[in-house]
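In what follows, a single structure is set out as structure tokens and then discussed.
The values are calculated or read from the model by the stated rules, or taken from the named source; none is laboratory data. Everything numeric in this text was worked out from a predicted model, so none of it was measured. Here the Cβ positions follow ideal geometry from the backbone for every residue, glycine too, while neighbour counts run over all protein chains shown.
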Amino acid sequence: MTDHDDTRPHMPLGLALRGYTGVIQHLSTKDTDSALSDIELESRLIELGFVEGARVEVLHEGLVGRDPIAVRVDSITIAVRRREAMAIIVA
Amino acid sequence: MEAPLLHLALVGTPNSGKTSLFNALTGSRQKVANYPGVTVERKEGFFVTPLGRQVSVVDLPGTYSLRGRSPDEEITRDFVLGKASGEIVPDLVLCVADSTNLRLTIRLLLELKRTGRPMILVLNMFDIAARRGITVDVERLAKELGVPVVTSIAVRKGGTADLLALTDEISAKLATEPQENSWRALSVSELRATQREADRIIADCVSLPARPDTWTARIDAVVLHPVGGLIVLALILFVMFQAVFAWAQPAMDLLKSGFDALGELVKATLPDGLLQSFLQDGVISGVGSVIVFLPQIILIFLFILLLEDFGYMARAAFLMDRIMGGAGLHGRAFIPLLSSFACAIPGIMATRVIDNKRDRLTTILIAPLMTCSARIPVYTLIISAFIPAKDVWGFINLQGLVMFGLYATGIASALAVSFVIKFFMIRDYAPAPFMLELPDYKMPRLKSIAIGIYTRAKMFLQRAGTTIFSMMVLIWFLASFPQPPAGSTEPAIDFSLAAIIGKALEPLLAPVGFNWQIAVALIPGMAAREVAVAALGTVYAIEGGKEAAEQIGQVLATKWSLATALSMLAWYIFAPQCASTLAVIRRETGSWGWMAATFTYMLVLAYAASLVTYNVAVALGAG
Ligand SMILES: Nc1nc2c(ncn2[C@@H]2O[C@H](COP(=O)(O)OP(=O)(O)O)[C@@H](O)[C@H]2O)c(=O)[nH]1
Ligand SMILES: [Mg+2]
């Protein structure tokens, strides 16, 4: 699986469109404009299962600005706004 | 010697089945209250174990960690740590897990272990896990975690037998000396490490055939479709509206005629006088005017609980999040605001589905701006008396258009107020980002729905019996004392404190075009907004009151200018004077301050709206 990851460009999950599947590479909360502090956002994402190595798939998008998104994270589905999903770097 | 009451606490992530387990264990032996000072629901229940041990169990708010990022989660943390004021440290913590989805709960459990509280891991929803081919090596899991593990099916009869047996076994040998508590908030790297540890243990003990729930995927393909999903939501709402407005009506009429008959009975059996008036006008019609909303409340909660149990609420929030987010509202505020079109009381009670304190408060504050059904009699009266029933642009009825405008203005002002709150008042509170688990769909369970409705209805009736009752008595007192002198011909209310207050208020209300009669009508209107119609009738000395609404309309048309009528309509968009709503706000926010704030802002808006309407209307020649 790692070779596959190396060949794909890293991108924030917040830019992924419906149908995208990938693996979480790392979390980078610095450049998001979430209302939460970096540490708080990172903690919450980890608590919902967004950790390195987790498989993600964008299942659904909202109507306005394709936001929020429903993401399959391993065995559960989480709804997040794209703004917060910008912190999740996938490939 | 009888063993002391054993205290259990249910902890777990949202949707893991804590409430179902709570209901399965306790049945209807439940007490619902609020935690002091916060708006979080506290649910405690009681049962007896097979070996006869008396147990109290508390259903704690769902949480993903002990960090306490919202008031709900703080409750859970403080409760487990024994720091919650007035609470006993639980003897045994039941960590409830959704067996189909163990990652997050096992991490939570590893964190919980640091508190040193005795604990059991309950692998709930084991039926679903079995159906999906998930197998768990329970013994190995218990060994690796160092915590007893038991499987359970909360929604099946006898599905908690193993849990009960284990509770008996463990409680018999609970250590009396307190365990070491080494818990402190986890840093980000500790969180990661804990999640890795949890994932390792799961890999060792659980085989996951990765067979996702196909039903959920199929339903979501429709329900979460960007356009189709909104149509489905609109349909659901339409049915809900129908139910609340149309289906509840016969039951409400029945209750109302019941109270009327009771009032008549009192009138017939008791001699004319104070006691009769107190019982008939103060107690029976006052409390009755609130209790008639019970069918609507039951229906609204039926819908809410069904949708919640099914797993749809999180989806509705997903669909509405961006649409409502523009006004600073959380997606979850949607259903409570919708319920407020029936009556703000169930709407405000329904805000309990919002787990973030700030979002919940904003929703409570604006809920009374949704046009509730009690305003309809007032709107109807004034519109039919003053607005001609002619068509505009050939096909739109002017009266209907005005009615629609009143509803639309209510919604627009609610959004505006929410916007103002978001940007000027609660700025320092970090708004909750929208991060929500979308649980797999589940068949709603009759039993849990029934228990849910029962506890809500009981709370509502208890409130009607206490707070609302005392408000009604006060209002009756104001409208009845002092008594008219013998032989006077004017309506009795002219001599009352209410009239004195009305006349004192008149100079204040003159700029918005209200006379003292309106000021007086607004006072009993506090009991319930529609009472103002009957009160206007009384004040204008019309026999028959509410029944003769058309007649009141004719009188008003001769006594009021169009400007006054329009001003009255504008006032009622905001209509701050509903005692029951204020009482519920006070209760749900746990604060007199927020109740006063709601009253004040609505009063200011009502006054401003009437002032502008009246003066513009007069300037246009409608004075
Ligand atoms: N099949 C099955 N469904 C369950 C079980 N426990 C809970 N549920 C369902 O799971 C959903 C969420 O349960 P609830 O008790 O509200 O979860 P809470 O958020 O932890 O309080 C409801 O629809 C329940 O009917 C179980 O053991 N088996
Ligand atoms: Mg629950």
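With respect to B:ASP253, determine if the residue is of a type in the set (Asp, Glu) and either outside any helix (DSSP H, G or I) or touching a Lys or Arg at 6+ places or on another chain (Cβ under 7 Å) (or both).
In short, no.
Can you tell me how many residues within region B:47-70 are within 16 Å of ligand 2 (Cβ to nearest atom) and either within 14 Å of B:ALA9 (Cβ to Cβ) or without any contact (Cβ under 8 Å) to a residue 40 or more places away in the chain (or both)?
Of region B:47-70, the ones within 16 Å of ligand 2 (Cβ to nearest atom) are B:57-64, B:70.
Going one step further and asking which of them are either within 14 Å of B:ALA9 (Cβ to Cβ) or without any contact (Cβ under 8 Å) to a residue 40 or more places away in the chain (or both), we end up with B:57-63.
Residues meeting the conditions: 7.
Give B:SER56, B:SER65 a once-over and let me know the one that is assigned to a loop (DSSP other than H, G, I, E, B), over 23 Å from B:ARG586 (Cβ atoms) and among the polar types (S, T, N, Q). Spell out the reasoning first.
Numbers: B:SER56 fails: assigned to a loop (DSSP other than H, G, I, E, B).
Step by step, each of B:SER56, B:SER65 is checked, and only B:SER65 is assigned to a loop (DSSP other than H, G, I, E, B), over 23 Å from B:ARG586 (Cβ atoms) and among the polar types (S, T, N, Q).
Among the helices (runs of 4 or more DSSP H) confined wholly to chain A, which include 3 or more residues that are more than 7 Å from chain B (Cβ to nearest Cβ) and either in contact (Cβ under 8 Å) with a residue 40 or more places away in the chain or under 10 Å from the mean Cα position of the chain (by Cα) (or both)? Let's see the steps before the verdict.
Values: elements: A:2-7, A:38-47, A:82-85.
It comes to A:82-85.
Restricting region B:218-229 to residues that are among the hydrophobic types (A, V, I, L, M, F, W, C) and at the interface with chain A (Cβ under 8 Å from one of its Cβ atoms), which is surrounded by the fewest Cβ atoms within 10 Å (Cβ to Cβ)?
Going through region B:218-229, the residues among the hydrophobic types (A, V, I, L, M, F, W, C) turn out to be B:219, B:221-224, B:227.
Now restrict to residues that are at the interface with chain A (Cβ under 8 Å from one of its Cβ atoms): B:224, B:227.
On the way: B:LEU224: 21, B:VAL227: 8.
Per the criteria, the residue is B:VAL227.
Looking at region B:178-207, I want the residues that are away from every other protein chain (no Cβ under 14 Å) and have a partner that is surrounded by 14 or more Cβ atoms within 10 Å (Cβ to Cβ) and outside any loop (DSSP other than H, G, I, E, B) with Cβ atoms under 6 Å, at least 6 apart or on another chain. Which pairs are those?
Sorted first by the residue in region B:178-207, then by its partner, the pairs are B:ILE201/B:GLU144; B:CYS205/B:ARG140; B:CYS205/B:LEU141.
Restricting to region B:46-66, what's the tally of residues that are among the aliphatic types (A, V, I, L, M) and surrounded by fewer than 20 Cβ atoms within 10 Å (Cβ to Cβ)?
2
Among the listed residues B:ARG131, B:ARG107, B:ARG156, which satisfies the condition of being modelled with pLDDT of 95 or more and more than 16 Å from ligand 2 (Cβ to nearest atom)?
Exactly one residue qualifies, and that residue is B:ARG107.
All but one of (1) touching a residue at least 12 places away in the same chain (Cβ under 8 Å); (2) not assigned by TED's automatic domain parsing to the domain that holds B:THR115 hold for B:LEU235; which doesn't?
That leaves (1) as the condition not met.
For the subset of region B:55-78 comprising residues that are more than 14 Å from every other protein chain (Cβ to nearest Cβ) and within 22 Å of the chain's Cα centre (by Cα), which member is nearest to ligand 1 (Cβ to nearest atom)?
B:ASP59
Every residue, every condition in (1) among the polar types (S, T, N, Q); (2) on the phi < 0 side of the Ramachandran plot; (3) surrounded by fewer than 20 Cβ atoms within 10 Å (Cβ to Cβ), yes or no:
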| site | (1), (2), (3) |
| --- | --- |
| B:SER488 | yes, yes, yes |
| B:ILE500 | no, yes, yes |
| B:LEU508 | no, yes, yes |
| B:GLY513 | no, no, no |
| B:GLN517 | yes, yes, no |
| B:MET526 | no, yes, no |
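Would you confirm whether any residue within region B:440-456 is buried (at least 20 other Cβ atoms within 10 Å of the Cβ), within 16 Å of ligand 1 (Cβ to nearest atom), modelled with pLDDT of 80 or more and within 14 Å of another protein chain (Cβ to nearest Cβ)?
Yes, that holds for at least one residue.
I'd like to verify a number: residues in region B:124-140 that are away from chain A (no Cβ under 13 Å) and either of a type in the set (S, T, N, Q) or within 31 Å of the chain's Cα centre (by Cα) (or both), how many?
Within region B:124-140, residues that are away from chain A (no Cβ under 13 Å) and either of a type in the set (S, T, N, Q) or within 31 Å of the chain's Cα centre (by Cα) (or both) number 2.
Just give me the residues in region B:145-189 being part of a helix (DSSP H, G or I) and out of contact with any Lys or Arg (no Cβ under 9 Å at 6 or more places or on another chain), in sequence order.
In the first step, residues of region B:145-189 are kept if they are part of a helix (DSSP H, G or I); the result is B:145, B:161-172, B:188-189.
If the condition is that a residue be part of a helix (DSSP H, G or I) and out of contact with any Lys or Arg (no Cβ under 9 Å at 6 or more places or on another chain), then B:ALA161, B:ASP162, B:LEU163, B:LEU164, B:ALA165, B:LEU166, B:GLU169, B:ILE170, B:VAL188, B:SER189 are the ones that fit.
Check B:TYR614, B:TYR607 and return the single one that is surrounded by 15 or more Cβ atoms within 10 Å (Cβ to Cβ), closer than 20 Å to B:THR371 by Cβ and either in contact (Cβ under 8 Å) with a residue 12 or more places away in the chain or not aromatic (Phe, Trp, Tyr) (or both).
Every option except B:TYR607 fails the conditions.
Take the residues of region B:74-89 that are in contact with a strand residue (DSSP E or B) (Cβ under 9 Å, 6 or more places away or on another chain) and part of a helix (DSSP H, G or I): which is farthest from A:ASP74 (Cα to Cα)?
That would be B:PHE79.
Being surrounded by 24 or more Cβ atoms within 10 Å (Cβ to Cβ) and of a type outside the set (Ser, Thr, Tyr) narrows it down to one residue among B:ARG69, B:ARG107, B:ARG114; which is it?
B:ARG107
Would you check if there is a residue in region B:8-21 being within 16 Å of ligand 2 (Cβ to nearest atom), at pLDDT 90 or above and over 24 Å from B:LEU446 (Cα atoms)?
Yes, that holds for at least one residue.
Looking for whichever is of a type in the set (A, V, I, L, M, F, W, C) and either within 11 Å of another protein chain (Cβ to nearest Cβ) or without any contact (Cβ under 8 Å) to a residue 24 or more places away in the chain (or both) here; the options are B:LEU121, B:LEU102. Which one fits?
From the options B:LEU121, B:LEU102, the qualifying one is B:LEU102.
Looking only at region B:22-54, filter to residues that are within 16 Å of ligand 1 (Cβ to nearest atom), aliphatic (A, V, I, L, M) and under 23 Å from the mean Cα position of the chain (by Cα); which one of those is modelled with the lowest pLDDT?
Per the stated criteria, the residue is B:VAL40.
Take the residues of region B:274-313 that are of a type in the set (Val, Ile, Thr) and more than 24 Å from B:PRO444 (Cβ to Cβ): which is modelled with the lowest pLDDT?
B:VAL290
So that you can scan it fast, the table gives a plain yes or no per residue for (1) more than 16 Å from ligand 1 (Cβ to nearest atom); (2) crowded, with 21+ Cβ neighbours inside 10 Å; (3) within 20 Å of B:PRO439 (Cα to Cα); (4) away from chain A (no Cβ under 12 Å):
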site: B:VAL290; (1), (2), (3), (4): yes, yes, no, yes
site: B:PHE293; (1), (2), (3), (4): yes, yes, no, yes
site: B:ILE298; (1), (2), (3), (4): yes, no, no, yes
site: B:ALA316; (1), (2), (3), (4): no, yes, yes, no
site: B:LEU319; (1), (2), (3), (4): yes, yes, yes, no
site: B:ILE348; (1), (2), (3), (4): yes, yes, no, yes
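How many of the residues in region B:90-118 are more than 18 Å from A:ILE76 (Cα to Cα) and assigned to a loop (DSSP other than H, G, I, E, B)?
7
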